[in-house]
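In what follows, a structure is listed as structure tokens, so that the remarks can point back to it.
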Amino acid sequence: DFTNNVSGSPELYKTYLQNEYGLPVYGVYGNHEMENKDSMQTVTPTLTNDKNVIWGTEDGKIGDGTIAYYYKDLADGYRIVATDTNYSFNPKTGEWEHNTTGSWGPPAGNIFSNSLGPVQFAWLEKTLIASAKEGKKCLILSHASFHKNISGGTPDTAGGQQLFARVNAMKKGTVTMVLNGHYHTNRMFEENGIVYFDINTTRNIWWQIQSETHYTKGQGQEVEELDAEGNIIGTKWID
């Protein structure tokens, strides 16, 4: 849930992708990135500033952006494994579909929302088994959670945890941590030697839950107003 308007929020992506520290950025799709006019061809290239990630395509290249899961080897034997939990099943066509342009969720009538889909799950299995054989320590990124204690998690929770246990039996510590967003909370669970880390939202403004007051009078913030090209045209205070 980084933003619901990728094309209209260039200042957010510049801040992260072109950050002044030269840090690599590894992101995954939330369920809001395509909410406005953006397509996967627009959004996928903004997930990472690392040109050397290995995408889930046949040749490992980014291609047309319709495959948005990837992995990248880091220092000290760690491997980032970034997934895309924005697939759902169309019972009319028998096809798995990605969230579409102009939607904050799955197409109407689809079931098993927040899934990996069978093609991506097979890719994840292959990637994690290879990681176990190579002695890599994996940090798995997702939007929907793989932990059973989080309501509304991915339908792949059971299958995912079975897979994590299987590869950790092959090589202890292969799956070290599983990080997710989506629920606007901060929670952490440890199960079978794996840390599941539920991280609050990073968004272009705070997510105000109706039943909860995050800010009292005088604790607001100044925000920048931008034109369509992302140029600052003024500021205003939100309280």
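Heavy-atom accessible area per residue, region 102-141, 1.4 Å probe: how many Å²? On a per-residue basis, 47 Å².
Taken per residue, the accessible surface of region 1-80 reaches 51 Å², heavy atoms only and a 1.4 Å probe.
So what is the relative contact order of the chain, in percent, for Cα pairs below 8 Å that sit 6 or more residues apart?
16 percent
The solvent-accessible area of SER113, taken with every protein chain present and a 1.4 Å probe, is close to 50 Å². Dipole magnitude for the chain: about 940 debye, using +1 per Lys or Arg Cβ and -1 per Asp or Glu Cβ, origin at the Cα centre. For region 1-85, just say rounded, prolate or oblate: build the C-alpha gyration tensor, square-root its eigenvalues into a ≥ b ≥ c, call rounded for a/c under 1.5, and beyond that prolate if a/b exceeds b/c, oblate if not. Cα axes put region 1-85 in the oblate bin. Reported to the nearest whole Å, the Cα centre-to-centre distance from region 93-120 to region 133-149 is 21. Split the accessible area of region 1-133 by element, probe 1.4 Å, and carbon with sulfur accounts for 55%.
Explain nothing, just the number: relative contact order of region 34-89, from Cα pairs under 8 Å at least 6 residues apart, as a whole percent.
Details: 56 pairs, mean separation 14.0, N = 56.
Value for region 34-89: 25 percent.
Long hydrophobic helices in the chain, taken as whole DSSP H segments with a C-alpha length of 30 Å or more on their own axis and mean Kyte-Doolittle hydropathy at least 1.6, are absent. For trypsin sites (Lys or Arg not before Pro), the sites in region 71-139 that DSSP calls loop and that have at most 11 other Cβ atoms within 10 Å are LYS92. Loop-located chymotrypsin sites (Phe, Trp or Tyr not before Pro) across region 19-89 with a Cβ neighbour count of 13 or fewer within 10 Å are TYR21, with loop assigned by DSSP.
When log10 I(q)/I(0) by the Debye sum over Cα atoms at q = 0.08, 0.10, 0.15 Å⁻¹ is calculated for this entry, the matching label among (1) -0.32, -0.51, -1.11; (2) -0.33, -0.50, -1.01; (3) -0.39, -0.57, -1.05 is (1). Pairs exceeding 31 Å between alpha-carbon atoms, taken from LYS37/LYS126; LYS51/LYS148; LYS37/LYS148; LYS14/LYS61; LYS61/LYS171; LYS148/LYS236: LYS37/LYS126; LYS51/LYS148; LYS37/LYS148; LYS148/LYS236.
The values are calculated or read from the model by the stated rules, or taken from the named source; none is laboratory data. Just so we're clear, the structure is a prediction, and the values are computed from it rather than from any experiment. We place every Cβ from the backbone using ideal geometry, glycine too, and count neighbours over all the protein chains shown. For accessibility, only protein heavy atoms count, side chains too; no ligands or nucleic acids. Shrake-Rupley method; radii C 1.70, N 1.55, O 1.52, S 1.80 Å.
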